[in-house]
Each structure stands twice: as structure tokens, then as C-alpha cells.
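The values are calculated or read from the model by the stated rules, or taken from the named source; none is laboratory data. All values derive from a computational prediction rather than experimental measurement. FYI the Cβ positions are ideal-geometry reconstructions off the backbone, even for glycines, and counts take in every protein chain you see.
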């Protein structure tokens, strides 16, 4: 087996098993049995610049439609809840375009516990104790989610968030200024 980066005019024949990687722009006019779209996160798709530019969001929506309609049988889209960019982890939200797809067409699955290892050492400040006074590993209680353990922090000041693994509700990101966490 081999891999090659080729233009659209050199696509595999119908009878050949192949995976074709391409941009959404170059997919226009083509159809495939299976289509996978990765990175369906606000800020990535639609891109942050497109959200801010006049008409940019509509152009991204059109491009999303092109990508989604390339599939003849099955479409799989994916997004992450946390992404590392330039050595910094950040929380991400699913693309706003996903919420425009009718619910009866969606079969939602979650894959938990899969963590990629960084290719290079990450420079990060000591977050064992956050400026809020909370500490990693500390047990807390929330009025809606119940008891949990702090497993991470993100941001500073009014936008600081804690990642808490709740016993009955799973992992949640909470804005510390609003969460009203109580120490246990």
C-alpha cells in the first residue's frame, strides 16, 4: 500500500479501495459513499475570522453544506471537547452548523478517555493551585451536579474555569465565578 497527494483528476477508480483526503473547497462536485469531516468546532469551522467578517459566516455555512452533501450513504463528523494549539489546551464547542442539522438525521456517539500525547514538551505554569484558591484533586460539591473532583483549570480572572469530574454527571467545565462550588 502507498499514499500519494494527487489532484482531483487523478482520483482512484470506482473499483479501487482508497481514502481520499481533500479540502472542502476541492470536494465540490464530487460524491463519495462515506465522508468524514473532522474539526467541526466553533472557531475552527466556522473559522474565527469568518465569524467576525461580514458575510463570512454565510460563506462558511455554504462550504459546510457542500462538504455534508458529498456523502451518498454515510457522513461522520467529529469535534473535540478540548484542543491543544501552540502548546496550550483550550475548551472547544461543537460547530454551530451541527445544530442546524435535523435531529432525526443524527446518531450521536461519544468517545471518552482518548488523549493524544503532545509531540513536544508543553510549557505550562504550575496549576496545582489556581488563583481562585481551588486546587487540583480537591473534592467539591455543586448544587446541580453533586460531588466531584477538580481535575483541571483554564483561564484567569472572570473567565477562569475548572474542569470537574462529577461522580454521577461525568466531566464538566464550570466558570468559577458562577459555579458556586463548595469545598467538601
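The table below gives the values:
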item: Counted residues, the stretch 143-184 - those being farther than 19 Å from residue 80 by Cα and in contact (Cβ under 8 Å) with a residue 40 or more places away in the chain; result: 5
item: Any chance residue 99 is at pLDDT 90 or above, outside the structural domain of residue 174 (by TED's automatic domain parsing) and part of a helix (DSSP H, G or I); result: yes
item: Residue check for residue 56: surrounded by 14 or more Cβ atoms within 10 Å (Cβ to Cβ), at pLDDT below 90 and touching a helix residue (DSSP H, G or I) at 6+ places or on another chain (Cβ under 9 Å); result: no
item: Of all residues making up the stretch 41-87, the number that are in a loop (DSSP other than H, G, I, E, B) and under 18 Å from residue 26 (Cβ atoms); result: 3
item: Of all residues in the stretch 5-27 being surrounded by 10 or more Cβ atoms within 10 Å (Cβ to Cβ) and in a helix (DSSP H, G or I), the one that is modelled with the lowest pLDDT; result: 8
item: Residue that is farthest from residue 21 (Cα to Cα), among those in the stretch 69-82 that are in contact with a strand residue (DSSP E or B) (Cβ under 6 Å, 6 or more places away or on another chain) and surrounded by 14 or more Cβ atoms within 10 Å (Cβ to Cβ); result: 82
item: Scope the stretch 28-46; condition surrounded by fewer than 16 Cβ atoms within 10 Å (Cβ to Cβ) and under 17 Å from residue 77 (Cα atoms); matching residues; result: 31, 33, 34, 36, 38, 39
item: Some residue of the stretch 28-39 being modelled with pLDDT of 90 or more and either assigned to a loop (DSSP other than H, G, I, E, B) or not assigned by TED's automatic domain parsing to the domain that holds residue 94 (or both); result: yes
